[in-house]
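Below you'll find the structure, written out as structure tokens, and then a few comments.
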Amino acid sequence: MKLANYIGGSLVDPAGGSYFDDIDPATGKVCAQVPDSDQRDVAHAVEAAGAAFPGWSRTPAAERSQLLLRLAGLIEQHLDELATLESIDTGKPLAVARSVDIPRAVDNFRFFATAILHTSGVTHQTETSNARAINITLRGPRGVAGLISPWNLPLYLFSWKVAPALATGNTAVGKPSELAPMTAHRLAELSIEAGLPPGVLNIVHGRGAKAGAAIVSHPDVPTISFTGGTETGAQIARTAGPMFKRLALECGGKNPTIVFADADFDEALATSVRAAFSNQGEICLCGSRVLVERPIYDRFVETFVERTRALTVGDPMQDGTDLGALISAEHRAKVESYIELARAEGGTIACGGRRPAPDTLGDRCRDGVFLEPTVVTGLDARCRTNMEEIFGPLVTIMPFDDTREAVELANITRYGLSASVWTNDLDRAHHVAGRLQCGTVWVNCWLLRDLRVPFGGMKSSGLGREGGDEALRFFTEPKNVCIRMKDP
Ligand code: NAD
């Protein structure tokens, strides 16, 4: 598959004419050629988006809505094909791509396509001793939005930005991750089929340091929405801050799962295993530190390890696979370096810690980038393994003695994305939720999403919120019009 940039309504080659390989991490084989775009391609895309902005921003919301709903319908029609591409590109189980990634991309478009039909403005009646006025707060699109997304949930997260940006009347230049760009390429083709006007959505493929950085530094892109690593987010902020760009940064996490002794043991256990290893642990919201109240700690660890051992690592295309391949050999090396670090820091590898034997993977996946789900116990809460984001199938389990300690350990890292709290004591749930420093607290659940709620992180997990009204506000500029009223 040779991918192309999508600029001004057409699929085009990169200006420099060069491409790099996209690798299927489950097989080690090249699955696509990706345009190695540079600032010329970005400049071309921004120009196309700028030219399309006046028309698109004045297109009635109902028409924009119809076009985006048509696009959602096309994604749904191609669900199986897109899920297969997503699985090939990332190594994730096909079943996950089919049930999570692609349906969510459909939902993202439907949600924002219809949300814009139901928004209402704000007015204030103003009365002073010598004047009366009515204040009307208008909200309009901001122009060209730069949308940069990561590889772990490729179309899911890319469309989470594209849909609100376009729905609110902005035009966009998007850059999907260079490690998983195939579904974004298909999104371009489907956008053409849906009849999206040329230039409304532009997609430039390529590496972050070149194509991504060119979007961030372009003076005609006033809005940047980024999802990815914390260090990349900081780098983007250094460029975009002095340019007074509006910035949303959705970055890394080191999320705690907190299990109190009174919790429903079986549910807490099953969900914490799922939270640790879903999508190979490559979800920003994965619970990578499990904190367990001491009276149930030993039983919890024993059962957690048993359940983890029962997970199937293997061919992502096969039914019954729980963990597929990691995204790349470099990423597996990073995760493995943390397994070594955990040992060096005095941890016990309770299970996993190795690559599965090639003969368990079958011929097709013999050269793939697989790793066993790994559970580590016995570490100090402040060690590097427990403080740094690993973003792979490695989870630590630690005991705590009381609510105060649970909250302290949960808040100890520089991250603040999400937490999952397990207790049947409503007062305690409220108490803990109120004290956790993170953007989302799930009580007796994990990753139960409602697209209307604010989504994002505190501390080094990011800046700003996505989702629902937050996204509609982020992509629009408020302007207050004050009209003085005189008596006739
Ligand atoms: P990354 O930061 O390496 O890359 C993310 C995107 O940014 C890619 O498209 C990349 O090409 C681009 N990029 C890289 N350098 C850039 C630069 N200098 N300027 C502009 N763009 C640049 O992240 P990744 O490895 O793709 O994704 C994994 C990270 O994403 C993890 O830290 C994970 O926690 C985070 N993540 C966060 C959320 C969230 O909602 N908070 C969701 C998913 C993933």
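Each reported figure results from applying straightforward, stated rules to the coordinates on display, with no laboratory input. For clarity, every value in this text was computed on a predicted model and none was experimentally measured. No Cβ is skipped: glycine too gets one built from the backbone with ideal geometry, and neighbour counts run over all protein chains shown.
For the stretch 39-127, state the semi-axes of the equivalent ellipsoid (square roots of 5 times the eigenvalues of the alpha-carbon gyration tensor), sorted largest first and rounded to whole angstrom. Provide the component values of the computation, followed by the final result.
Values: eigenvalues 209, 90, 33 Å².
They are 32, 21, 13 Å, listed from largest to smallest.
Across the stretch 255-450, Cα pairs under 8 Å and at least six residues apart give a relative contact order of 28 percent.
Quote the Stokes-Einstein diffusion coefficient, in whole µm² s⁻¹, for the stretch 255-450, based on the Kirkwood radius over alpha carbon pairs, a temperature of 37 °C and a viscosity of 0.692 mPa s.
On the way: Rh = 16.9 Å.
Taking Rh from Cα pairs, D becomes 195 µm²/s.
Sorted largest first, the spans of the alpha carbon positions of the stretch 349-488 along the three principal axes are 88, 46, 28 Å. Helical content alone sets the calculated 222 nm signal of the chain at -11500 deg cm²/dmol, taking -39,500 (n - 2.57) per DSSP H segment of four or more residues and averaging over every residue. Using the alpha-carbon positions of the stretch 315-396, Rg (one decimal) and Dmax (whole number) come out as 13.4, 42 Å. Take every DSSP beta bridge whose two residues both sit in the chain; close to 45 percent of them are antiparallel. Could you tell me which of rounded, prolate or oblate describes the chain, using a ≥ b ≥ c as the square roots of the eigenvalues of the alpha-carbon gyration tensor, with rounded for a/c under 1.5 and, failing that, prolate when a/b is larger than b/c and oblate otherwise? It comes out oblate by the Cα gyration axes.
Here residue 92 is the anchor, and the aspartates and glutamates within straight C-alpha reach of less than 16 Å, apart from those fewer than 8 places off in the same chain, are 22, 24, 80, 81, 101, 282, 315, 319, 322, 367, 372. Fewest neighbouring Cβ atoms within 10 Å first, the residues 459, 29, 245, 254 line up as 29, 459, 245, 254. Spacing of the modelled spin labels on residue 355 and residue 486, each 7 Å from Cα toward Cβ, amounts to 8.2 nm.
Residues 326, 472, 247 in ascending order of nearby Cβ atoms (within 10 Å, fewest first): 472, 247, 326. Antiparallel DSSP bridges in the stretch 255-450: what percent, to the nearest 5? Roughly 10 percent of the beta bridges in the stretch 255-450 run antiparallel, per DSSP.
In a fully extended conformation the segment linking residue 408 and residue 61 would gain 120.2 nm over its present Cα-Cα distance, using 0.36 nm per residue.
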